[in-house]
Amino acid sequence: MTTHPTTATAYEKLIAAIVEGLREKKGFDFAIMDLSELKGAVADAFVIASAASDRQAQALADSVEEFTRKLCGDKPLRVEGYARGEWILLDYVNVVVHVFLPRVRLFYGLEDLWADAPVQRIAE
C-alpha cells in the first residue's frame with residue numbers, strides 16, 4: 001500500500017482529534033509535548049490543557065473521548081481523576097492527555113518535569 005505524503009498517520013489523527021475535543025469545550029493553554037526521543041518516557045506525547053473549573057475539566061475529558069471515538073475509533077485505556085476534576089488523565093497508550101485546573105497544573109509542573117521535550121503551543 002502506498003501512502004500519500006499528506007496522509008496523516010494514526011498518531012497525528014489522534015492528536016488532532018484530542019485537540020479538536022479540547023477546543024470544542026473551550027479548554028485553554030494547550031501544549032503538545034513530544035516525549036518520543038526521551039529515555040524513560042511513559043508515552044510518545046503528552047497533550048496538556050487547562051480548564052477553568054472541575055466541571056469544565058470533566059466536559060473537556062468527555063469531549064476528547066467523544067472526538068477520539070468518532071474520528072479515530074479510539075477510546076482511552078484508562079481515565080483517572082475524573083470524579084474530582086482537578087487533574088484528569090486520559091491514557092491512549094502512546095498519547096496521554098492531561099486536563100488540569102491551572103493551580104494544579106502549576107503545582108505539578110509537567111512541562112518543567114519533562115523540560116527536555118520539545119513543546120508545541122496550540123492556539124485555542
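The values are calculated or read from the model by the stated rules, or taken from the named source; none is laboratory data. Given the structure is predicted, the values throughout are model-derived calculations rather than measurements. Virtual Cβ from ideal backbone geometry, glycine too; neighbours counted across all protein chains shown.
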Practice prompt. Working carefully through the options Glu65, Glu80, Glu86, find the one that is acidic (Asp, Glu) and free of Cβ contacts under 8 Å to residues at least 12 places away in the same chain.
Written response: Glu80
Item to complete: Report, ordered by the first and then the second residue, all pairs with beta carbons closer than 6 Å, sequence separation of six or more or different chains, a first member in the range 94-105 that is touching a residue at least 60 places away in the same chain (Cβ under 8 Å), and a second member that is outside any strand (DSSP E or B) and β-branched (Val, Ile, Thr).
Response: Val97/Ile18; Val97/Val64
Worksheet item: Take the residues of the range 106-122 that are touching a residue at least 60 places away in the same chain (Cβ under 8 Å) and assigned to a loop (DSSP other than H, G, I, E, B): which is surrounded by the most Cβ atoms within 10 Å (Cβ to Cβ)?
Response: Ala117
Worksheet entry | Qualifying residues in the range 6-15 (those that are among the aliphatic types (A, V, I, L, M) and at pLDDT below 95) - the one farthest from Asp62 (Cα to Cα) | Ala8
Fill in: Tally of residues being within 14 Å of Tyr11 (Cβ to Cβ) and surrounded by 17 or more Cβ atoms within 10 Å (Cβ to Cβ) across the range 73-101
5
Practice prompt. Six or more apart or on different chains, Cβ under 7 Å: which pairs go from a residue in the range 32-59 that's surrounded by 22 or more Cβ atoms within 10 Å (Cβ to Cβ) and hydroxyl-bearing (Ser, Thr, Tyr) to one that's part of a helix (DSSP H, G or I) and at pLDDT 95 or above? Could you list them?
Written response: Ser50/Pro102; Ser50/Arg105
